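K.L.:
Could you have a look at this structure, given as structure tokens, before my questions?
The values are calculated or read from the model by the stated rules, or taken from the named source; none is laboratory data. In this text, all values refer to a predicted model and were calculated from it rather than measured experimentally. Cβ coordinates were reconstructed from backbone atoms using ideal geometry, including for glycine residues, and neighbour counts include every protein chain displayed.
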Amino acid sequence: FNLTWQIPPDWTGVRAYHTVSTPSYVLSDGTLQVFGTTVSYQYSPAALSADFPNLESTSAGSGSSGSDVVTLTFAVLGTDANGDSAIRTRTVMIFHDRLYSVDGQVRGGDVE
């Protein structure tokens with residue numbers, strides 16, 4: 001999966017972070033490179049399986065129980081046009097051949 005999302009063009013000082021996990025392990029975490037007003041991440045089950053051989057990512061099974069559930073969490077932080085701190089998040093859950101995504105936006109402690 002290639003995941004890309006837009007950052008509001010009036011944000012400054014933008015930073016982006018990711019965490020990839022299963023219920024048992026944090027598989028990957030760190031910063032993401034920001035390109036102008038875009039942040040991208042490429043999810044590669046094969047690359048993760050090289051570091052975590054017990055990760056079931058290419059099961060012969062089918063449906064949502066065919067492999068481990070993997071959760072990808074992303075956070076983009078910056079300062080909006082009003083000078084306020086702003087955070088946008090996205091959580092993606094992968095159930096073998098199904099992808100579920102939830103977007104969130106938090107400013108000043110309130111969820112919009």
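K.L.:
Looking for something touching an Asp or Glu at 6+ places or on another chain (Cβ under 8 Å), farther than 18 Å from Phe95 by Cβ and assigned to a strand (DSSP E or B) - is there at least one such residue anywhere in the range 20-28?
P.N.:
No, because not a single residue in the range 20-28 is touching an Asp or Glu at 6+ places or on another chain (Cβ under 8 Å), farther than 18 Å from Phe95 by Cβ and assigned to a strand (DSSP E or B).
K.L.:
Check the range 55-77 and report whether any residue there is over 20 Å from Tyr100 (Cα atoms), modelled with pLDDT of 85 or more and not aliphatic (A, V, I, L, M).
P.N.:
No; the residues of the range 55-77 include none that is over 20 Å from Tyr100 (Cα atoms), modelled with pLDDT of 85 or more and not aliphatic (A, V, I, L, M).
K.L.:
Under the condition of being at pLDDT 75 or above and not in a strand (DSSP E or B), which residue from the range 82-112 is nearest to Glu56 (Cα to Cα)?
P.N.:
Here the answer is Asp84.
K.L.:
Which ones in the range 1-19 are closer than 19 Å to Val70 by Cα and part of a strand (DSSP E or B)?
P.N.:
Selection gives Asn2, Leu3, Thr4, Tyr17, His18, Thr19.
K.L.:
Related question: Find the residue count for the range 6-42, including only residues that are over 28 Å from Gly83 (Cβ atoms), surrounded by 15 or more Cβ atoms within 10 Å (Cβ to Cβ) and among the hydrophobic types (A, V, I, L, M, F, W, C).
P.N.:
Matching residues across the range 6-42 total 2.
K.L.:
Just need a number here: residues in the range 72-90 that are more than 14 Å from His18 (Cβ to Cβ) and in contact (Cβ under 8 Å) with a residue 40 or more places away in the chain.
P.N.:
Of the residues in that region, 5 qualify.
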